[in-house]
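Student: Input: one structure, supplied below.
The values are calculated or read from the model by the stated rules, or taken from the named source; none is laboratory data. In this text the structure is predicted, and so the values were computed from the model without any measurement. No Cβ is skipped: glycine too gets one built from the backbone with ideal geometry, and neighbour counts run over all protein chains shown. Surface accessibility is based on the protein's heavy atoms, side chains included, excluding ligands, DNA and RNA. Shrake-Rupley method; radii C 1.70, N 1.55, O 1.52, S 1.80 Å.
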Amino acid sequence: MSALVVDNIRKSFGEVETLKGIDISLESGEFLVLLGASGCGKSTLLNIIAGLAEPTGGDIRLNDRSLIGVHPKDRDIAMVFQSYALYPNLSVRRNIGFGLEMRKVPVAEREKAVAEAARLLQIEPLLDRRPSQLSGGQRQRVAIGRALVRNPKLFLFDEPLSNLDAKLRMEMRTELKRLHQMMKTTVVYVTHDQIEAMTLATRIAVMRNGQIEQLGTPEEIYNRPATLYVATFVGAPPMNILDVVATNNGLLVAGSDTVIPVPPSLLAGLPTGGSLKLGIRPESFRAEAGGLPLTLRCDVTELTGPELILSGSVGSQRLVATLPPRTRAPVGSDVTLSLDVEALHIFDGETGKRIN
Ligand SMILES: Nc1ncnc2c1ncn2[C@@H]1O[C@H](COP(=O)(O)OP(=O)(O)O)[C@@H](O)[C@H]1O
Ligand SMILES: [Mg+2]
């Protein structure tokens, strides 16, 4: 039995269709990340699951029970938002327990739940402070604590780390992962940050214009993106995309006389003459020979410490390669790098769909 089923959910605001039929099925304990650019419909979907918005069509089932028409407070779902309003004049302890207090949960039970949440979040020493005496990261933990004490069947997070600075965001990310590993509750987590998605998710749903573009494990999304959009949305620096044409000898890089000599078995599956997009991740290039060779002109090099970022070109098309720091790549020279066949992502130039 799936823990959460999102079944053909649609949502229109007036004429505009914001969600165009979303299907998701989650096992208990999964951590699903909804990843997509701002405005693609992530929050709308989360709000529908939480019961804060009504869908125009479709069904939501939690442990096989339809939630349509069920009041948000009866859904057994807890939600954490990007901007979390804590009660400024209440202690951390009461902020965390406030929901339980409202539900008239007995004091002893409430205190036990608050103590347990505080222990998990490592904020026990802060329980008697006011929110104003906390750092941003500590406040976010209190907001998560408020959700934890409800012991829900499903956690929803809407960009919970967006208001934190980069360092804190990274710490809290690890913290959330640790929490999830301990609690094993089912989670749906919204973000536009692909690193958050890659690191936290058991599965990622990449959303675009109210639809799911691809749903898969982080490895699938990264190593076999189904579309050009997914390919370029996930990964930093982003995947290189070259215009190429399939010829008898290999892939001809458009606007150059460079041919990447891919094996006949790969060529056989490609439409000849049509416009193709070839995706290559910057880190797929190797400095030593052995794979398929690709020679590019080295335009700029940047040493970051752990790696050398080479910006180059093949004819009029630009490429970025991340290489070991000691790679010899004089600016202005031709550098031959090599690629594994598995590193080539080939997309239809028209539809953007993966071909290989
Ligand atoms: N209450 C609303 N009324 C009208 N349009 C809305 C409403 N809520 C969201 N939208 C529209 O739906 C689209 C998706 O919004 P949202 O789900 O908030 O996107 P995301 O969370 O992915 O950034 C946006 O174009 C937004 O303007
Ligand atoms: Mg949003």
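Student: For region 1-12, how many residues meet the condition of being within 20 Å of Lys153 (Cβ to Cβ) and surrounded by 14 or more Cβ atoms within 10 Å (Cβ to Cβ)? Before the answer, list the steps.
Tutor: Initially, region 1-12 is screened for residues within 20 Å of Lys153 (Cβ to Cβ), giving 1-7, 9.
Filter once more, so that each one left must be surrounded by 14 or more Cβ atoms within 10 Å (Cβ to Cβ): 2-7, 9.
Of the residues in region 1-12, 7 are within 20 Å of Lys153 (Cβ to Cβ) and surrounded by 14 or more Cβ atoms within 10 Å (Cβ to Cβ).
Student: Also, quick follow-up: Might you let me know whether region 163-181 holds any residue that is modelled with pLDDT under 90, outside any helix (DSSP H, G or I), over 8 Å from the mean Cα position of the chain (by Cα) and within 16 Å of ligand 1 (Cβ to nearest atom)?
Tutor: Yes, because at least one residue in region 163-181 is modelled with pLDDT under 90, outside any helix (DSSP H, G or I), over 8 Å from the mean Cα position of the chain (by Cα) and within 16 Å of ligand 1 (Cβ to nearest atom).
Student: Take the residues of region 40-65 that are touching a strand residue (DSSP E or B) at 6+ places or on another chain (Cβ under 9 Å) and open to solvent by 50 Å² or more (accessible area, probe 1.4 Å): which is nearest to ligand 2 (Cβ to nearest atom)?
Tutor: Going through region 40-65, the residues touching a strand residue (DSSP E or B) at 6+ places or on another chain (Cβ under 9 Å) turn out to be 40-64.
Filter once more, keeping what is open to solvent by 50 Å² or more (accessible area, probe 1.4 Å): 52, 54, 56, 61, 63-64.
Working: Leu52: 12, Glu54: 18, Thr56: 18, Arg61: 23, Asn63: 26, Asp64: 28 Å.
Out of the qualifying residues, it is Leu52.
Student: Identify the single condition in (1) open to solvent by 80 Å² or more (accessible area, probe 1.4 Å); (2) touching a helix residue (DSSP H, G or I) at 6+ places or on another chain (Cβ under 6 Å); (3) of a type outside the set (Ser, Thr, Tyr) that Asn95 does not satisfy, given that it satisfies every other one.
Tutor: If we test Asn95 against (1) open to solvent by 80 Å² or more (accessible area, probe 1.4 Å); (2) touching a helix residue (DSSP H, G or I) at 6+ places or on another chain (Cβ under 6 Å); (3) of a type outside the set (Ser, Thr, Tyr), just (1) comes out false.
Student: Which of the residues belonging to region 156-175 are of a type in the set (A, V, I, L, M) and either outside the structural domain of Leu200 (by TED's automatic domain parsing) or in contact with a helix residue (DSSP H, G or I) (Cβ under 8 Å, 6 or more places away or on another chain) (or both)?
Tutor: Passing the criteria: Leu156, Leu161, Leu164, Leu168, Met172.
Student: Every residue in region 274-294 that is closer than 24 Å to Thr227 by Cβ and either open to solvent by less than 60 Å² (accessible area, probe 1.4 Å) or touching a helix residue (DSSP H, G or I) at 6+ places or on another chain (Cβ under 8 Å) (or both), please. Steps first, answer last, please.
Tutor: At the first step, the residues of region 274-294 found to be closer than 24 Å to Thr227 by Cβ are 274-285, 292, 294.
Result: Gly274, Leu276, Lys277, Leu278, Gly279, Ile280, Arg281, Pro282, Ser284, Phe285, Leu292, Leu294.
Student: Additional query: I'm checking my understanding of the structure. Among residues of region 182-193 that are modelled with pLDDT of 95 or more and of a type in the set (S, T, N, Q), which one is nearest to ligand 2 (Cβ to nearest atom)?
Tutor: Only one residue fits best here, namely Thr191.
Student: A further question on this structure: Wholly within region 202-277, which helices (runs of 4 or more DSSP H) include no fewer than the required count, namely at least 3 residues that are within 25 Å of Ser313 (Cβ to Cβ) and of a type outside the set (Ser, Thr, Tyr)? Steps first, answer last, please.
Tutor: Working: elements: 218-223, 228-233, 264-268.
Output list reads 228-233.
Student: So which of Pro325, Pro306 ends up being in the same structural domain as Ala246 (by TED's automatic domain parsing) and open to solvent by less than 60 Å² (accessible area, probe 1.4 Å)? Give the derivation first.
Tutor: Numbers: Pro306 fails: open to solvent by less than 60 Å² (accessible area, probe 1.4 Å).
None of the other options fit; the residue is Pro325.
Student: What residue, of Glu27, Glu15, is open to solvent by 60 Å² or more (accessible area, probe 1.4 Å), acidic (Asp, Glu), at pLDDT below 95 and more than 13 Å from ligand 2 (Cβ to nearest atom)?
Tutor: Values: Glu27 fails: at pLDDT below 95.
Within the list Glu27, Glu15, the selection yields Glu15.
Student: In region 150-168, which residues are out of contact with any strand residue (DSSP E or B) (no Cβ under 9 Å at 6 or more places or on another chain) and either within 27 Å of Leu67 (Cβ to Cβ) or in contact (Cβ under 8 Å) with a residue 24 or more places away in the chain (or both)?
Tutor: Result: Asn163, Leu164, Asp165, Leu168.
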